[in-house]
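Here's the structure we're looking at; comments come further down.
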Amino acid sequence: ARSDDFTVAMETVTAWAWGPLSFLTFLAFLRRHPTRYVLQLLVSLGQLYGDVLYFATEARAGWSHSDPRPLYFWGYFVGLNGLWVLVPGALLADACRHLAAAQRAFDRPRHKAH
């Protein structure tokens, strides 16, 4: 496999932005900080966006940066990289579920105590 400019740029963003933000998200969960699900949503969405760009760019280049052997292509390129789609996808859905529940609770009419 060979490197290309897109992958190098995307991994630079991952290392300098998503990496530290992921650590902050981890700390927010440890401390039960109110922003923890917002951070989870941001990190997961950023990861998914990078994955989509990675796969789309490679597809448009005719898979030229990937080894064409089936085991390598399907096992390594699709299978292992697919984990970087499934895990953030599940975390994105989880964050949306928690944020929606919080919004529903906030939107409930409040009854005055007599």
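Measure nothing but the geometry: give the 0 to 90° angle between the long axis through the Cα atoms of 81-107 and the longest principal axis through the Cα atoms of the chain, rounded to 10°.
20 degrees
Which is the longest part of the chain that has none of the trypsin sites (Lys or Arg not before Pro) sitting in a DSSP loop with at most 15 other Cβ atoms within 10 Å? Write down the numbers at each step before the final one.
On the way: sites that count: ARG2, ARG31, ARG32, ARG110, LYS112.
Within the chain, the longest run free of exposed trypsin sites (Lys or Arg not before Pro) spans 33-109.
Pop a pseudo-label 7 angstrom from the Cα along the beta-carbon direction at both LEU71 and ASP4 and give the gap in nm to one decimal.
The modelled label-to-label distance comes out at 2.6 nm.
What number comes out for the charge environment of LEU45, summing +1 per Lys or Arg and -1 per Asp or Glu over other residues with Cβ under 13 Å away?
Numbers: positive: none; negative: ASP51, ASP94.
Here the charged neighbours net out to -2.
Compute the long axis of helix 36-60 from its Cα atoms, compare it with the longest principal axis of the Cα atoms of the chain, and write down the angle in degrees, 0 to 90, nearest 10.
20 degrees
Once both axes come from the Cα atoms, what is the angle between helix 19-30 and the longest principal axis of the chain, in degrees from 0 to 90, rounded to 10?
Tilt of helix 19-30: around 30 degrees.
Taking all protein chains as present, what is the carbon and sulfur share of the accessible area of the chain, in % to the nearest whole number, probe 1.4 Å?
Of all accessible area on the chain, carbon and sulfur atoms account for 68 percent.
Take the alpha carbon atoms of region 64-103, find their radius of gyration, then divide it by 2.2 N^0.38 Å using N residues; give the quotient.
Expressed relative to 2.2 N^0.38 Å, the Cα Rg reads 1.76.
Need one number: the % of Cα-Cα pairs in region 21-114 sitting beyond the 18 Å mark. Each step should come with its number before you reach the end.
Numbers: 2622 of 4371 pairs.
Considering region 21-114, 60 percent of its Cα-Cα pairs are separated by more than 18 Å.
The values are calculated or read from the model by the stated rules, or taken from the named source; none is laboratory data. From a predicted model like this one, the values you see are computed outputs, not experimental measurements. Here the Cβ is made from the backbone with ideal geometry for all residues, glycine too, and neighbour counts use every protein chain on show. Quick note on the areas: whole protein, heavy atoms, side chains included, nothing else; ligands and nucleic acids left out. Shrake-Rupley method; radii C 1.70, N 1.55, O 1.52, S 1.80 Å.
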